[in-house]
Amino acid sequence: MKLYGTPPTRATRPIWLLNELEIDCEIIPLDIPAGEHQGAAFLAINPFGKAPALVDGDLAMAESVAIMMYLAEAHGGERFLPTDPAERALMHQWNLFLVAEIEQPLWRMGLHTVIYPEAERIAADVPLARRDCLRMLAPLETHLQGREYMVGSGLTVADFNAAYTLDWADEDGACWRPSPTVAASWSACMRGPRPRPASPRPLPGCMPAKSRPAFARTSRPSSDCCPASDRCPSDKHQRTNA
C-alpha cells in the first residue's frame, strides 16, 4: 500500500487513520511547490492531480475522506465505523458537511490570500468566505452540546475529519476560536494513543506548534514539501488539494 502526500496537506487525514489502525503503508511525499502533483507519473495514479492519493493493489483512489473510509472498512476491522446503520449514516452526513460547508470556505480564504498569484486574488471574497464558514460552524457547535463525539459513544472517522478541519479553522485565528464544547470533542482525538501526524521535519510558518507531534510512517524525507525560501504565512499554503 502506498499513500502519496504528507502533512500538512489533506493527506494528514488518512495518515492519521493509518497510524491509529497500525496499517503498514509507504508514505510518498510530493513536491507540490515544484508541481510534482501535476506530473505525468502522478496523474497516471490520480488524474485529479491532487494529494492525497492511495494505491492498494489494483486500487488507485483519491479524496482524503474517501480514503479514510476505505481504510476503516477494508483494513481497519470496522474500527472507527458505527455498527448501527443510522449512526453510520450520520457519520457520512458529518463527513460530507465538514468537507462541503467548513473546508470549502476555508479553502477560498487560502486561495485568495496566499495560493493564487496576487493578480488573481479577489480580496472581497475573503470576508464572504469567513462569513460562510462561521454560519456553518454555528450548527456544528449546537450539535456538539453535551457530546464528546460527533456520532454515538465513540470515535469514528468523522471525529478525525472534524479535528483536522476545525484545527484549520482555528489556525492563527483565521476564522474562529473553538468554544469549550468543540474543544472537548476535539480533544477526544488528540488524546488518542497516536496523536495527529505532523511533518517529518518542522515546516516553519506553516503548521501551528500545537499540531506537531511525531510523524510515524515516512519512506523518504519531504525536504521540498515547503522550502524555507517559500515560507508561507499559514498552513493554508500547504493544505493543497483533496
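We did not get these values from a lab; they are worked out from the coordinates using the rules stated. For clarity, every value in this text was computed on a predicted model and none was experimentally measured. Virtual Cβ from ideal backbone geometry, glycine too; neighbours counted across all protein chains shown.
Place a label point 7 angstrom from the Cα of Ala86 along the Cα-to-Cβ direction, then list the residues of segment 129-173 whose backbone nitrogen is under 19 Å away. Taking a point 7 Å out along Cα→Cβ of Ala86, the residues of segment 129-173 whose backbone N falls under 19 Å are 143-156.
For the pair Ala41 and Leu128, the difference between a 0.36 nm per residue extended length and the Cα-Cα distance amounts to 27.6 nm. Each Lys and Arg Cβ is given +1 and each Asp and Glu Cβ -1; about its Cα centre, segment 12-62 then shows a dipole of about 300 debye.
For a quick check: sort Tyr4, Tyr70 by the number of other beta carbons within 10 angstrom, fewest at the front. It would help to have the intermediate numbers written out before the result.
Working: Tyr4 24, Tyr70 18.
Placing the least packed residue first, the sequence is Tyr70, Tyr4.
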